Structures are given as structure tokens and as C-alpha cells.
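The values are calculated or read from the model by the stated rules, or taken from the named source; none is laboratory data. Because the structure is predicted, anything quoted here is derived from the model rather than measured. So basically every Cβ, Gly included, is an ideal-geometry build from the backbone, and we count neighbours across all protein chains shown.
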Amino acid sequence: MMEKPGPAAGAARKSSLLRPLALLVFMAAAVAAARYFHLQEYVQKERLQHFVAAFGLWGPVIYLGVWILAPPLFLPGLPITLAGGVLFGPFWGVVYTICGATVGATLALLVARYLARDWVAAKIAGTRLATLDDQVARHGWKIVAFTRLIPIFPFFLLNYAFGLTRISLWAYMATSFVCMLPATVAYIYFSSNLLDLIQGRVSRGLLLGLALVALVSLAPLLYKRLKARRGQPLEL
């Protein structure tokens, strides 16, 4: 797609490493806080999920609402995703998270396309995102897929930047949904077993979740290295 490596390679590497690092910090802080305040009996998986279930439809509705507003408001997505696994379990956590994230990303695109075009243009001026429209014109939905699977740029700014392109709304939504799914499954499955660690157990589910997170975090770097060895670096 692109010819030679550039600053984006470093950005991709940094982005791929920061997310698992942030996850490890979050885990350590959560376990330390639970142990210090003796919260183990209050943060049992079944108790939290029953508490959320008592709200009926309002639990998922509120969670979806938070995720839908997160991309336009630049709210951090990782804590919201982790909460989804803890509160709703591996299946419904994935369903609610991928739906909320996709709708939220689409809302950010629509805001940029119709309400804040000048602000977004000024925000990305002078960055590699400024060339996104040209890349979309040449490669269409493949650019959306590439930037979702290989996170070179911040998720929330990228959503706004796509609003300045000619990408079809439905192609953007469908590609975002499919290409955000692997990471969503990994982080939700991991967080659905996270409370085991707070209870002092290292369960098989927790280890599998960690392996999935490591896989989706390292896959972009491994893919870029493979392309580089073949003389086909994939860059924006």
C-alpha cells in the first residue's frame, strides 16, 4: 500500500506497547486497591453481575450510552471495555462493547463530517492523518481495516479524521465492526476473568485472556516485520 517506512512505524510500535502496559498498570492498581481496602468479598464476579442484572435493560443501555459517547468526547476506551467484561461476562460484554464502540466511532465520523469539519481539519493539519483522504480514495475500506487492525494513530482522533474523507458510511461501520472485533474479544474475555486475580486466583480463563491480549497487541508488530522482510512495509 505504501512504499517505505517512516515515523508511523515508531508510532505503531509505541501504540502497540502502550495498551498492554496500561493494562498491566490497571491490573496492579486494581489488585492493590482491592487488597488494601479488603474489597475481595464485594467484587466477586457473580455478585457484580447480579447487581447489574437487577437493573434490567437499564444496565446494558447505560453501558452502551457511555461507549457511544466515548469516541466523540475523547473518553478512554480501555477502562470502559474492561468494565464490560467484568459486568456482563464474555458473551454479552463483547456484544455490547463492539456495538457501542462501532456506533460511537460512527458518531464521531458524522460530527466531523457535518458539524466540526473545520475544527478537525485544523486538529490534523501537519500530521500524517492529513493525507488520509487521498489514501481512502485509492484504497477505500482497506485503509479503515488497516488502521483498525494496526493502530498507528489514536483511536478517537482517527474517527474524526475519517469524517473528512469520502469513505462510505456503511463501509466505515461494517469494516470498523469486523476489524475491532478481535481486540474486543481479547480484552473482554480477559476482563471477564480479571476478578479471579483480585480473589487471589490465577485461573485458566485469566491466563487465556492474557494470551489473547498479548496476541492482538503483538500481531501488528509481527505483521509489519513480516512485510518489511518481504520489502513491502505497510505504512500510512
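Given the criteria in contact (Cβ under 8 Å) with a residue 40 or more places away in the chain, surrounded by 18 or more Cβ atoms within 10 Å (Cβ to Cβ) and at negative phi, does Thr102 qualify? Considered against the rule, which asks whether it is in contact (Cβ under 8 Å) with a residue 40 or more places away in the chain, surrounded by 18 or more Cβ atoms within 10 Å (Cβ to Cβ) and at negative phi, Thr102 comes out as yes. Quick one: is Pro220 surrounded by 14 or more Cβ atoms within 10 Å (Cβ to Cβ), closer than 26 Å to Lys142 by Cβ and modelled with pLDDT of 85 or more? When the stated conditions are applied, Pro220 does not pass them. A single member of Val66, Val120, Val86 is assigned to a helix (DSSP H, G or I), aliphatic (A, V, I, L, M) and more than 23 Å from Phe51 (Cα to Cα), and it is Val120. Pick from Ala108, Ala101, Ala122: which is over 27 Å from Leu221 (Cβ atoms) and either modelled with pLDDT under 90 or among the small types (Gly, Ala, Ser) (or both)? Just a single option satisfies the conditions, and that option is Ala122. Taken over the stretch 179-192, residues that are without any contact (Cβ under 8 Å) to a residue 60 or more places away in the chain and crowded, with 16+ Cβ neighbours inside 10 Å amount to 3.
Here are some residues: Phe190, Phe162, Phe156. Which one is under 13 Å from Thr81 (Cβ atoms) and either among the small types (Gly, Ala, Ser) or at pLDDT below 95 (or both)? Walk me through how you get there before you give the answer.
Working: Phe162 fails: under 13 Å from Thr81 (Cβ atoms); Phe156 fails: under 13 Å from Thr81 (Cβ atoms).
That would be Phe190, the only listed residue that is under 13 Å from Thr81 (Cβ atoms) and either among the small types (Gly, Ala, Ser) or at pLDDT below 95 (or both).
Pairs meeting the criteria (first residue in the stretch 77-95 and over 25 Å from Pro154 (Cβ atoms) and touching a residue at least 24 places away in the same chain (Cβ under 8 Å), second residue of a type outside the set (A, V, I, L, M, F, W, C) and outside any helix (DSSP H, G or I), beta carbons under 9 Å, at least 6 apart or on different chains) are Pro90/Asn193. When Leu75 is tested against (1) under 22 Å from Val216 (Cβ atoms); (2) assigned to a helix (DSSP H, G or I); (3) modelled with pLDDT of 85 or more, just one condition goes unmet, and that condition is (2). Within the stretch 20-67, count every residue that is of a type in the set (Phe, Trp, Tyr) and at pLDDT below 85. Selection size over the stretch 20-67: 5.
Quick check on Ala116: is it small (Gly, Ala, Ser) and at pLDDT 90 or above? Spelling it out, it is not the case that Ala116 is small (Gly, Ala, Ser) and at pLDDT 90 or above. Total residues in the stretch 125-145 satisfying the condition of being surrounded by 18 or more Cβ atoms within 10 Å (Cβ to Cβ) and either at pLDDT below 85 or over 19 Å from the mean Cα position of the chain (by Cα) (or both): the figure is 4. Please find, within the stretch 48-92, the residue that is nearest to Ala112 (Cα to Cα) out of those that are under 14 Å from the mean Cα position of the chain (by Cα) and among the small types (Gly, Ala, Ser). My answer is Ala70. Within the stretch 159-174, residues that are part of a helix (DSSP H, G or I) and polar (S, T, N, Q) reach partners that are at pLDDT 90 or above and surrounded by 14 or more Cβ atoms within 10 Å (Cβ to Cβ) with beta carbons closer than 6 Å, at six or more positions or on different chains, in the pairs Asn159/Pro71; Asn159/Ala105; Asn159/Ala108; Asn159/Leu109. Scan the stretch 205-212 and give yes if some residue there is farther than 21 Å from Leu48 by Cα, at pLDDT 85 or above and exposed (fewer than 14 other Cβ atoms within 10 Å of the Cβ), otherwise no. Yes: the stretch 205-212 contains one or more residues that are farther than 21 Å from Leu48 by Cα, at pLDDT 85 or above and exposed (fewer than 14 other Cβ atoms within 10 Å of the Cβ).
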